[in-house]
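K.L.:
The structure is given below, and queries will be raised subsequently.
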Amino acid sequence: MSVSSSLITLSNLETLSLRNTNLTGSVTSVAKSQCSSVLRSIDLAENGLSGPISDLSSFAGCSNLNSFNLSNNSFHFTAGDSAGLRLNIQVLDLSCNHISGQNVVPWLLSSGCDNLQYLSLKGNKVEGAVPVSDCKNLRHLDLSGNNLTTVFPSFGDCSSLQHLDLSSNKFSGDITTGISSCKSLNFLNLTGNEFTGAMPALPVGNIQYLYLSGNHFHGETPTHLTDLCSSLIELDISSNNMSGTVPESFDTCSDLKSLNISHNLFSGQLPIDTLLKLTNLKTIAFSFNNFNGVLPDSLSKLTSLETLDVSSNNLSGPIPLELCRDPRSSLKVLYLQNNMLTGSIPESLSNCSQLVSLDLSFNYLTGTVPSSLGSLLKLRDLIIWLNQLHGEIPQELMYIQTLENLILDFNELTGTIPAGLSNCTHLNWISLSNNRLSGEIPASFGKLANLAILNLGNNSISGSIPAELGDCRSLIWLDLSTNLLNGTIPPALFKQSGSIAVAMLTGKSYRYIKNDGSEQCHGAGNLLEFGGIREEQFTRILTRQPCNFTRVYGGPVKPTFNQNGSMIFLDLSYNMLGGSIPKELGSMYYLYILNLGHNDLSGPIPGELGGLKSVDILDLSHNRLNGSIPPSLKGLSFLGEINLSNNNLSGVIPGPPFDTLPPSGFLNNSLCGLPLPECGAGSGSSSNSQHKSHIAIETKKRRKKKDAALDTYMDGHSYSGTANTGWKLTSVREALSINLATFEKPLRKLTFADLLEATNGFHDDSLVGSGGFGDVYKAQLKDGSVVAIKKLIHISGQGDREFTAEMETIGKIKHRNLVPLLGYCKVGEERLLVYEYMKYGSLEDVLHDRKKIGIKLNWAARRKIAIGSARGLAFLHHNCIPHIIHRDMKSSNVLLDEKLEARVSDFGMARLMSAMDTHLSVSTLAGTPGYVPPEYYQSFRCSTKGDVYSYGVVLLELLTGKQPTHSADFGDNNLVGWVKQHAKMRVSDVFDPELLKEDPNLEIELLQHLKVACACLDDRPWRRPTMIQVMAMFKEIQAGSGFDSTSTIAADEWKL
């Protein structure tokens, strides 16, 4: 629907409001008609209108128009229009459009702003200056959520200004001087900027709402902040670096309703005497500070208080018995998690009759869960995990009809799971793992239509799995691992697959801890509610379970399906389940993790499991499965980890994707074929045995120089305990004589001692780079040759077999656009990889001149690098047997040799680290920020199409000269988003100016290469080309471009 021009001609029309009426098109056609002489206000907000904001000038004929609301549409800004906005109005709202670019505000105000009282541009991408010092009648200015990076503007004579919101930008500089004249200001929001130093002095007398959070203010609270107390209603200085104690002078803030000082460095005891004088307080948010001492009983006197959040401090002692003694208590939210509280949970908490959310997790509470909590009839969240509670889960909880989240993991609870919880029909998350619960899973849980997460792992629950759980039409996460369950897996458990709506999760912060796979560590991992808990205290969980945390994923659960979903996580491992695997399990299209290992399942693997198109981790190990691996499983292209070991499987492993996975996942069966030895091959043979130089301990004495190098190295690493416990050799000296396993004859006689000598004990002077997998050292060997040595990060003692197998695979791969692995060595817990040295380092270093070597890459050089790195990646994807997914393609992993030829490095490293379960962050394993494809944020899976996306980002770097993240040009975006944004306007603006300066005629060729990059960067993996297709696109560009002979790429450039 478009706006009818006849409307504004109505002679008596004063106000035109067409908000949220599905209008589309531009507004210029409307303005061509003669305006009603009395038309004062136009509201076209929340529609689909578009066009440049200069179109608004066509309303200049509406002489009495003083209010124009175009918020929540799709207008943009065209920088070429120099005339400015020719409207003299009082109210202009352009918030939440697509307005971006430099100097939008000067353009809007270029015809003067004497009458302007209200201006909102929030939620756009505006940049540049903010010249408002002449807008003397301005009352309301909202520029929040833009890309403004200037110093704080001067507001001149701003005596009329009442509302100023500059939040979520990157302003810096002096605040005090800029608004010193704004005496009428009552709302100031500077949240989420780059301000530093002490808290600013602000005009005293009228400020009621002050928000300064998310900056870099530091030091103690200045007295001029408390000088504002006479008018303050809400104060938020959270997420800064403020320190010291809370000033007593805050007690003069008699009207204060909300005080948020969370996420700072405040210390001392809670300022209870000050708080008791603030009788209007509704919110106290003191979380993530360093407060100590006890919670005083006198908190009960704050009867107006609705939220008390003191989580993540150092508070000790008991929870006050008198907390809600006064029947007038208004307390709705009580967050005491992540402290050092002791004693029992008071029965008297039931007096907090208005309580909606209670979190006591991560403390040292003992005793039982009080049955009196069942009388809290408004409670939605009961979260008390990681304490020392015992006894049974109270039956009385069944009376809390509002309950949504019941999270009691990591306690010592016993008894059965109350069947009456099925009366709590709003339950969304039930997590009772790592307790001592027994009995059966209540079949009545099938009535819980909103139940999305059911985590009962690591208890002593017996009986069968209730088929009724298949009636939970929102269930996406089911963990019943490590119990005593028997019977069969009910096919009805999966009957909701294909019809689950987006689960009704509450958006709470969570962490998923992937288990390390050690013998004593059972199950796939733990999903934990993690709101209000410090990351650095995560290791407190280690005291309660035997698993090392190798990978931790975090954030909100965000299923990508809508009305067609299935479970995303199913772990039934370590039980006593028998019978066959139900073929219905194959209907769970969105399942990422499936673990049925360590049961007593028998029969063949159903071919229907080929329908698990999203599965990333599949564990069917330690059962009695027989038959062959179904060919349909070859379609599991996102499979990252598989374990079929210790079954009775036989026959040929069907090829990709299995040939790229570690052989340990297929052992103790009667299987053959990659990654195991070929069928018919002798058990002792190996296809790569001719390359091996087996590790051996030599007995001859080493030179003193090498001894000294080892001593230096060992002394420097004693802090980690490696010197004492990590080497696992009878003598540290024996390490010197360990030979290097090599793939090149000249290196056959290298030992660990030689590498130590060549790097001076891995001294920092030899360090040439660092990455997610370890440090890289330049080493000149005794024959004069130069190599690069990568020293992998320290890992646990496991994974030797995977390490050796992966190295033997990588060592065989030779290609002119790959960095060859020359050898490797394992010494105790050290893993060393020896590579050919690349003279110019990484593309990242050269392109962005990180190391100041001064090489300027012209387009011919960049094009050659783009093609070379594409060729190397294509070889990994299509020519290697087994095929290799890089998993961390980026410009720092594209190295340049002496001819500036691209060599892709670190291929195979991410998978090796995954197999060995190192202490890496998830960002390292899943890629590097800025290069990570969108689907990696929704699952744990990697694919060749993910590599193609990352290559597309590298190609953008070559075209734009910009890094993938952290550019001031991007605002809240990254390089990909910035380029896609410009593609809708002047796409040529994205190219590196140096390239067009070199030759303006390059623009067409650059656009052709940009088209290739955008194809690689499609959000939908299946729409991206393969790397073979990328090479074909490059060849097609050359064929149609008519390059001259000096720049033409030789014919063999297109060969893999």
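The values are calculated or read from the model by the stated rules, or taken from the named source; none is laboratory data. Just so you know, these numbers come straight off a predicted model, no measurement behind them. Using ideal geometry, Cβ is built from the backbone for each residue, glycine included, and neighbour counts are taken over all protein chains shown.
K.L.:
Scanning the stretch 494-547 for residues that are of a type in the set (Asp, Glu) and either closer than 23 Å to Ile617 by Cα or in the same structural domain as Pro466 (by TED's automatic domain parsing) (or both), which turns out modelled with the highest pLDDT?
P.N.:
Residue satisfying both the conditions and the ranking: Glu529.
K.L.:
Considering the stretch 389-405 alone, what residues qualify as being in a strand (DSSP E or B) and either of a type in the set (S, T, N, Q) or buried (at least 22 other Cβ atoms within 10 Å of the Cβ) (or both)?
P.N.:
Asn405
K.L.:
Is it fair to say Ser632 is at pLDDT below 95, in a loop (DSSP other than H, G, I, E, B), among the hydroxyl-bearing types (Ser, Thr, Tyr) and surrounded by fewer than 22 Cβ atoms within 10 Å (Cβ to Cβ)?
P.N.:
Numbers: at pLDDT below 95: yes; in a loop (DSSP other than H, G, I, E, B): no; among the hydroxyl-bearing types (Ser, Thr, Tyr): yes; surrounded by fewer than 22 Cβ atoms within 10 Å (Cβ to Cβ): yes.
Taking the combined requirement at face value, the residue does not satisfy it.
K.L.:
Just one of Gly579, Gly627, Gly680 is in contact (Cβ under 8 Å) with a residue 40 or more places away in the chain, surrounded by fewer than 22 Cβ atoms within 10 Å (Cβ to Cβ) and either over 26 Å from His877 (Cα atoms) or in contact with a His (Cβ under 8 Å, 6 or more places away or on another chain) (or both); which is it?
P.N.:
Being in contact (Cβ under 8 Å) with a residue 40 or more places away in the chain, surrounded by fewer than 22 Cβ atoms within 10 Å (Cβ to Cβ) and either over 26 Å from His877 (Cα atoms) or in contact with a His (Cβ under 8 Å, 6 or more places away or on another chain) (or both) holds for just one of Gly579, Gly627, Gly680, which is Gly579.
K.L.:
Let me ask something else. State whether the residues of the stretch 657-666 include one that is in contact with a His (Cβ under 9 Å, 6 or more places away or on another chain), of a type in the set (D, E, K, R), buried (at least 16 other Cβ atoms within 10 Å of the Cβ) and more than 17 Å from Glu608 (Cα to Cα). Outline the logic, then answer.
P.N.:
First, the residues of the stretch 657-666 that are in contact with a His (Cβ under 9 Å, 6 or more places away or on another chain): 657, 659-660.
Add one more test, that the residue is of a type in the set (D, E, K, R), and what stays is 659.
Narrowing the set further to residues that are buried (at least 16 other Cβ atoms within 10 Å of the Cβ) leaves 659.
Filter once more, so that each one left must be more than 17 Å from Glu608 (Cα to Cα): 659.
Checked against the condition, which is being in contact with a His (Cβ under 9 Å, 6 or more places away or on another chain), of a type in the set (D, E, K, R), buried (at least 16 other Cβ atoms within 10 Å of the Cβ) and more than 17 Å from Glu608 (Cα to Cα), the stretch 657-666 yields at least one hit.
K.L.:
Starting from residues that are assigned to a strand (DSSP E or B) and either aliphatic (A, V, I, L, M) or more than 14 Å from Pro271 (Cβ to Cβ) (or both), keep the ones in the stretch 285-314 and report whichever is farthest from the chain's Cα centre (by Cα).
P.N.:
Result: Val294.
K.L.:
List pairs: first in the stretch 972-994 and among the acidic types (Asp, Glu) and in a helix (DSSP H, G or I), second surrounded by 13 or more Cβ atoms within 10 Å (Cβ to Cβ) and modelled with pLDDT of 85 or more, Cβ under 7 Å, 6+ apart or cross-chain?
P.N.:
Within 7 Å, the pairs are Glu994/Gly961.
K.L.:
Given the criteria in contact with a helix residue (DSSP H, G or I) (Cβ under 8 Å, 6 or more places away or on another chain), more than 26 Å from Thr279 (Cβ to Cβ) and part of a loop (DSSP other than H, G, I, E, B), does Asn338 qualify?
P.N.:
Judged against the criteria, Asn338 is a match.
K.L.:
Considering only the stretch 279-286, I want to know if a residue exists there that is under 22 Å from Asn363 (Cα atoms) and crowded, with 22+ Cβ neighbours inside 10 Å.
P.N.:
The answer is yes, given that some residue of the stretch 279-286 is under 22 Å from Asn363 (Cα atoms) and crowded, with 22+ Cβ neighbours inside 10 Å.
K.L.:
Sticking with this one: Do you know which residues across the stretch 449-472 are buried (at least 18 other Cβ atoms within 10 Å of the Cβ) and out of contact with any helix residue (DSSP H, G or I) (no Cβ under 8 Å at 6 or more places or on another chain)?
P.N.:
Asn450, Ala452, Ile453, Asn455, Leu456, Gly457, Asn458, Asn459, Ile461
K.L.:
Filter the stretch 240-254 down to the residues that are out of contact with any strand residue (DSSP E or B) (no Cβ under 9 Å at 6 or more places or on another chain) and surrounded by 15 or more Cβ atoms within 10 Å (Cβ to Cβ), then identify the one that is nearest to Pro203 (Cα to Cα).
P.N.:
Thr252
K.L.:
Going by what's in this entry, would Leu212 be described as surrounded by 21 or more Cβ atoms within 10 Å (Cβ to Cβ) and either over 20 Å from Leu121 (Cβ atoms) or of a type in the set (Lys, Arg) (or both)?
P.N.:
So Leu212 passes the test.
One line per residue, one yes/no per condition, for (1) within 18 Å of Leu148 (Cα to Cα); (2) modelled with pLDDT under 90:
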| position | (1), (2) |
| --- | --- |
| Phe75 | no, no |
| Ala79 | yes, yes |
| Gly84 | no, yes |
| Gln90 | no, no |
| Ile99 | yes, no |
| Gln102 | yes, yes |
| Ser111 | no, yes |
| Leu119 | yes, no |
| Lys122 | yes, no |
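K.L.:
Mind listing just one residue for me: the one in the stretch 785-824 that is at pLDDT below 80 and among the charged types (D, E, K, R) and, of those, surrounded by the fewest Cβ atoms within 10 Å (Cβ to Cβ)?
P.N.:
The qualifying residue surrounded by the fewest Cβ atoms within 10 Å (Cβ to Cβ) is Asp800.
K.L.:
Now, a different point. I'd like the full set of residues that are buried (at least 23 other Cβ atoms within 10 Å of the Cβ), of a type in the set (A, V, I, L, M, F, W, C) and not in a strand (DSSP E or B), limited to the stretch 114-137.
P.N.:
The answer is Leu116, Leu121, Val130, Val132, Cys135.
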